[in-house]
Amino acid sequence: MAVDPSSQASEPPLLPPKPVLPDMAEARSHGSAAAIEARWLSLQLSWQWARDVHEIRSPGHPYPGIVPLLEAAAATPRLRRLYPFTSHFALLFSSRTDYPWILQAGSIEPLRNGSFKVRRRDPLTVVGQVETATEAVDLAVKLLPADFEPVVTHSADKHT
C-alpha cells in the first residue's frame, strides 16, 4: 500500500543552532570594558538568532529592526562605551554593568513598519521617529550628556 506523502505530517523546519554566548561572569571578572564587550556580542548573537528563527517560522512577516539597530549602535564609539540592554525590543544604554541601571542616551525602539522611535528618558518623551537605524543612533547620541558618568561594574562580592 502506497502512502500519500501529503497525508504525512510535515517535518518542522530546521532551525539554526543557538549561538554560544560569552560567559558574562568571566567577562565581569576582567572589568567593565570586558563586560561591555561581552554584552554587545551577546546581544548581537542572541537577536540575530531570534531574527533567523522568526524568518524560518514566519516567512513574509517582518521582524523589528533590532539587528541593524544593534549593528549601528555597536559601530558608534560613544554608545559602544556603554552597557547595552534590551527591553521589549527597545535598545537602552547604561553607565553601569549591573542593575540598577543608570540610563544614558534614551532608548531606541525599532517599529514593525521599519522605522525607529527614539525616546528621552528624563523626562520620558519621544524625541523623534526616523527611517534608519543609523539615524536613530545619531539621534540617541545627541541625547548623551557631554560628560556622562564612567561605566561602573558591580562589586566583587556580588554574584549575578
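How much FRET efficiency would the formula 1/(1 + (r/R0)^6) give for Leu21 and Arg112, where r is the Cβ-Cβ distance and R0 is 30 Å, rounded to 0.05?
Details: r = 26 Å, r/R0 = 0.88.
FRET efficiency, Leu21 to Arg112: 0.70.
Using bins 5 angstrom wide from zero, how does P(r) for the chain break down, in % of all Cα pairs?
Going from the shortest bin to the longest, the percentages are 1, 9, 16, 18, 17, 13, 10, 5, 3, 2, 2, 2, 1, 1, 0, 0.
Could you point to the residue in Ser10, Asn113, Ser95 farthest towards the positive end of region 1-156's charge dipole, with +1 and -1 charges on the Cβ of Lys/Arg and Asp/Glu respectively?
Of Ser10, Asn113, Ser95, it is Ser95.
Could you tell me how many degrees, from 0 to 90 and to the nearest 10, lie between the Cα long axis of helix 32-57 and the main elongation axis, the longest principal axis, of the Cα atoms of the chain?
30 degrees
In debye, nearest 20, what is the charge dipole magnitude of the chain about its Cα centre with +1 on Lys and Arg Cβ and -1 on Asp and Glu Cβ, if you could check? Please list the in-between numbers first.
On the way: 16 positive and 17 negative charges, 87 e Å.
Around 420 debye, computed over the chain.
Tally up the carbon and sulfur contribution to the accessible surface of region 14-147 as a whole percent, 1.4 Å probe, everything protein left in place. It would help to have the intermediate numbers written out before the result.
Values: 3920 of 7050 Å².
Result for region 14-147: 56 percent of the exposed heavy-atom area is carbon or sulfur.
Could you tell me the relative contact order of region 33-160? Use alpha-carbon pairs under 8 Å, at least six residues apart, and round to a whole percent. Don't jump to the answer; show the numbers that get you there.
On the way: 206 pairs, mean separation 27.3, N = 128.
Over region 33-160, the number comes to 21 percent.
At a probe size of 1.4 Å, how large is the accessible area of Phe116, to the nearest 10 Å²?
10 Å²
Skip the ligands, DNA and RNA, and give the accessible area per residue of region 41-135 with a 1.4 Å probe, whole Å². Don't skip to the end; give the middle numbers.
Details: 4710 Å² over 95 residues.
Result: 50 Å² per residue.
List the longest stretch of the chain that has no exposed loop site; here a site is one of the trypsin sites (Lys or Arg not before Pro) assigned by DSSP to anything other than H, G, I, E or B, with at most 15 other Cβ within 10 Å. Can you show the working numbers first?
Details: sites that count: Arg112, Lys158.
No qualifying site falls inside 1-111, the longest such stretch.
To the nearest 20 debye, what is the magnitude of the charge dipole of region 8-67 about its Cα centre, counting +1 on the Cβ of each Lys and Arg and -1 on the Cβ of each Asp and Glu? Walk me through the intermediate numbers first.
Numbers: 5 positive and 6 negative charges, 28 e Å.
Rounded to the nearest 20 debye, it is 140 debye.
The values are calculated or read from the model by the stated rules, or taken from the named source; none is laboratory data. Remember, predicted model here, so these are calculated numbers, not experimental data. Note that we place each Cβ from the backbone using ideal geometry, even for glycine, and neighbour counts take in every protein chain shown. These area figures cover heavy atoms from the full protein model, side chains too; ligands, DNA and RNA do not enter into them. Shrake-Rupley method; radii C 1.70, N 1.55, O 1.52, S 1.80 Å.
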